[in-house]
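The values are calculated or read from the model by the stated rules, or taken from the named source; none is laboratory data. The model shown is predicted, which means the values in this text are computed figures rather than measured ones. So basically every Cβ, Gly included, is an ideal-geometry build from the backbone, and we count neighbours across all protein chains shown. These area figures cover heavy atoms from the full protein model, side chains too; ligands, DNA and RNA do not enter into them. Shrake-Rupley method; radii C 1.70, N 1.55, O 1.52, S 1.80 Å.
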Amino acid sequence: MATGNINVSVENIFPLIKKFLYSDHEIFLRELISNATDATLKLKHLTSIGEAAVEYGNPIIEVSIDKEGKKLHIKDQGLGMTADEVQKYINEVAFSGAEEFLNQYKDSAKDTGIIGHFGLGFYSAFMVAEKVEIITKSFKDEPAAHWICDGSPKYTLEAADKTDRGTEIILHIAEDSTEFLEDHKISELLVKYNKFMPIPIKFGTKEETLPLPEDAEEGAEPEKITVDNIINNPTPAWTKQPTELETEDYKGFYRELYPMQFEEPLFHIHLNVDYPFNLTGILYFPKLTNDLNIQKDKIQLYQNQVFVTDNVEGIVPEFLTMLRGVIDSPDIPLNVSRSYLQADGNVKKISSYITRKVADKLKSLFNENREDFESKWNDIKIVIEYGMLSEDKFYEKADKFALYPTIDGKFYTFDELVEKVKPTQTDKDDNTVILYASNKEAQHSYIVDAQAKGYEVLLLDSPIVAHLIQKLEGDKEKVKFTRVDADHVDNLIQKDEEKISKLSEEEQETLKTTLTEIIPADKYTVQLESRDSDAAPIIITEPEFMRRMKEMQQTGGGMFGMGNMPEMYNVVVNTNAELIGDILKAESKEDKERLTNQALDLAKLSKGLLKGEELTNFVKRSYGMIK
């Protein structure tokens with residue numbers, strides 16, 4: 001038997017490991033199973049190239065609990081270690097990693113994802129164990145070895161009588177970590193971190209009911225058998241080639257990832273690249289709403305089938321964090337700090353590859369079945385619009401498949417839209433004016449007026465539309481977006497036509513004075529216009545620039561200070577309307593006020609602004625007028 005001190009300058013490294021890594025101590029199991037998987041896959045490689053003269057067979061990793069003895073066992077059938085290898089890998093290499101870890105992180109060791117990076121995977125066992133044993137037998141023809149360490153730098157290393165190949169790690173669970181002796185806790189961790197590991201993982205047994213044979217007698221009981229409880233799927237969909245999978249396989253894998261999700265995904269994107277980096281994965285577009293605060297962090301990140309995190313910020317472009325699915329890459333340096341990760345060149349390449357791949361897939365879906373793509377547009381548009389705003393490369397590609405739906409449910413690409421509206425919607429300065437509504441119901445009367453003129457009206461109702469049209473106006477030549485309630489219909493697209501007012505200049509001055517005395521100036525600006533005599537006497541409009549800047553600031557961006565500005569509206573008064581003539585001619589001040597307030601309230605009602613006390617007063621006044 002050999003005893004020794006682990007060669008390390010820190011007097012007692014184990015309490016330090018435990019203290020520094022404590023906030024995420026559950027990942028010890030992930031690390032130990034990853035080691036067992038590596039040992040098994042290395043053996044597979046050595047047998048395949050003829051360097052290990054043993055039978056690979058069908059190895060598994062077994063996790064078991066000895067509650068009485070307060071022990072947790074992790075056993076593999078991998079390549080094992082000789083006594084010399086235990087001395088080298090456990091006592092020397094891993095501890096040099098431990099020292100480096102402590103030197104670098106003793107002031108800020110909160111970033112718990114760094115264990116594996118320093119060869120500390122094995123030593124994470126001491127976060128939950130007061131004593132750890134390794135019993136290991138190499139595939140080479142050498143005696144088995146037994147290593148014991150009680151959480152001090154002292155260890156013992158002696159021969160063991162183990163005859164089967166592989167390594168067994170025995171953790172003597174510490175008093176403050178007895179939760180790891182509970183079946184449900186270990187089961188939860190195995191499903192969280194190891195659900196898709198490439199080697200089958202056994203945790204206990206389970207009963208399975210065999211199907212009844214075809215010739216079974218009526219009332220026969222099906223036979224039950226006890227089988228290994230394998231908790232993982234070693235060959236998940238993303239590890240296969242797209243040619244091996246059918247649509248149903250992708251849907252099945254989605255249900256495997258999100259068992260509580262009842263809605264089917266709209267479509268999927270299979271990622272598969274091996275140059276200039278390795279990356280596989282499947283992303284799914286779920287049905288999305290217009291809510292920008294939609295639950296993110298649904299994409300799971302794996303490294304060689306080991307779950308790492310569902311916080312994929314920095315690896316997946318932000319606009320795609322609303323998607324779901326899996327990304328697996330051995331090339332992401334996952335066990336280092338997030339700031340390092342975001343500055344890493346590989347990660348930037350991966351992010352831009354994913355952006356390109358998603359854009360290409362969307363374009364091919366659009367080209368292959370435009371009708372189907374249009375039917376899904378409202379469920380996916382928030383991702384695409386967000387991507388157009390945040391990623392220039394995506395914006396360039398999206399120009400070919402981003403859609404602009406009309407109030408009537410027709411869909412145009414940008415180029416199609418401009419071609420359609422240019423003949424009728426070009427103003428006197430040769431700008432193509434694209435009209436849109438953001439709320440079909442609230443802006444109904446404005447939409448009807450615009451359509452009566454033969455104008456096409458889009459329905460753009462996502463919360464970031466103000467930002468998007470700002471970007472499009474900056475990028476496209478001679479194009480302006482105007483919401484239908486930004487002005488009366490004759491002014492939305494200004495032509496050279498001039499309408500003549502029935503009122504003289506003097507009458508117009510008098511009218512304006514009268515109206516500004518009645519209509520509150522803190523909220524409304526009175527504006528006289530000469531329109532058709534059968535057009536509405538008063539309409540309320542919201543200036544495009546002010547409203548847009550306010551909306552942009554409310555969703556981040558826009559001009560500073562605009563977000564807190566009060567709502568400002570224009571009251572557009574049609575000087576050719578009969579009712580306006582009646583207000584001008586009314587003899588008493590009361591009549592002028594009554595008619596003006598009634599007309600203004602009707603305009604507010606049309607705009608959806610008449611609420612509360614104002615609405616109550618309007619109803620009372622209206623009943624009084626029809627007596």
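Brief remarks on what is shown
- Test result for residue 259, at pLDDT below 90, over 26 Å from residue 372 (Cα atoms), in contact with a Lys or Arg (Cβ under 7 Å, 6 or more places away or on another chain) and open to solvent by 60 Å² or more (accessible area, probe 1.4 Å): no
- In region 410-448, the residues that are of a type in the set (Gly, Ala, Ser) and part of a loop (DSSP other than H, G, I, E, B): 438, 442
- Residue in region 362-369 that is in a helix (DSSP H, G or I) and among the charged types (D, E, K, R) present: yes
- Answer from 495, 512, 499, 480 - the residue that is open to solvent by 50 Å² or more (accessible area, probe 1.4 Å) and either touching a Gly at 6+ places or on another chain (Cβ under 7 Å) or under 17 Å from residue 436 (Cβ atoms) (or both): 480
Results for (1) modelled with pLDDT of 95 or more; (2) not aliphatic (A, V, I, L, M), shown as yes or no for each residue.
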| position | (1), (2) |
| --- | --- |
| 133 | yes, yes |
| 150 | no, yes |
| 153 | no, yes |
| 195 | no, yes |
| 204 | no, yes |
| 209 | no, yes |
| 220 | no, no |
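Residue by residue, here is whether (1) at negative phi; (2) at pLDDT below 95; (3) among the charged types (D, E, K, R) holds:
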residue	(1), (2), (3)
412	yes, no, no
428	yes, yes, yes
439	yes, yes, no
443	yes, yes, no
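Each row is one residue, and each column tells you yes or no for (1) touching a strand residue (DSSP E or B) at 6+ places or on another chain (Cβ under 6 Å); (2) open to solvent by less than 50 Å² (accessible area, probe 1.4 Å); (3) of a type in the set (Ser, Thr, Tyr).
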{"site": "426", "(1), (2), (3)": "yes, yes, yes"}
{"site": "431", "(1), (2), (3)": "yes, yes, no"}
{"site": "434", "(1), (2), (3)": "yes, yes, no"}
{"site": "438", "(1), (2), (3)": "no, yes, yes"}
{"site": "444", "(1), (2), (3)": "no, no, no"}
{"site": "451", "(1), (2), (3)": "no, no, no"}
{"site": "459", "(1), (2), (3)": "yes, yes, no"}
{"site": "462", "(1), (2), (3)": "no, yes, yes"}
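- Residue match in region 263-277 (condition: outside any loop (DSSP other than H, G, I, E, B) and closer than 27 Å to residue 188 by Cα): no
Listed here are the residues, each with its yes/no results for (1) touching a Ser or Thr at 6+ places or on another chain (Cβ under 9 Å); (2) open to solvent by less than 60 Å² (accessible area, probe 1.4 Å); (3) under 27 Å from residue 349 (Cα atoms).
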| site | (1), (2), (3) |
| --- | --- |
| 216 | no, yes, no |
| 222 | yes, yes, no |
| 231 | yes, yes, no |
| 269 | no, yes, yes |
| 272 | yes, no, yes |
| 277 | yes, yes, yes |
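- Qualifying residue in region 350-360 (condition: more than 14 Å from the chain's Cα centre (by Cα), modelled with pLDDT of 90 or more and open to solvent by less than 20 Å² (accessible area, probe 1.4 Å)): yes
- Some residue of region 387-394 being in contact with a Ser or Thr (Cβ under 7 Å, 6 or more places away or on another chain), open to solvent by 40 Å² or more (accessible area, probe 1.4 Å) and part of a loop (DSSP other than H, G, I, E, B): yes
- Set 399, 415: member being among the acidic types (Asp, Glu) and open to solvent by less than 50 Å² (accessible area, probe 1.4 Å): 399
- Taking region 312-327 as the range and being open to solvent by 10 Å² or more (accessible area, probe 1.4 Å), in a strand (DSSP E or B) and either hydroxyl-bearing (Ser, Thr, Tyr) or at pLDDT below 90 (or both) as the test, only 313 passes.
- Qualifying residue in region 609-620 (condition: modelled with pLDDT under 85 and basic (Lys, Arg)): no
- Selection status of residue 466, modelled with pLDDT under 90, assigned to a helix (DSSP H, G or I) and surrounded by 17 or more Cβ atoms within 10 Å (Cβ to Cβ): yes
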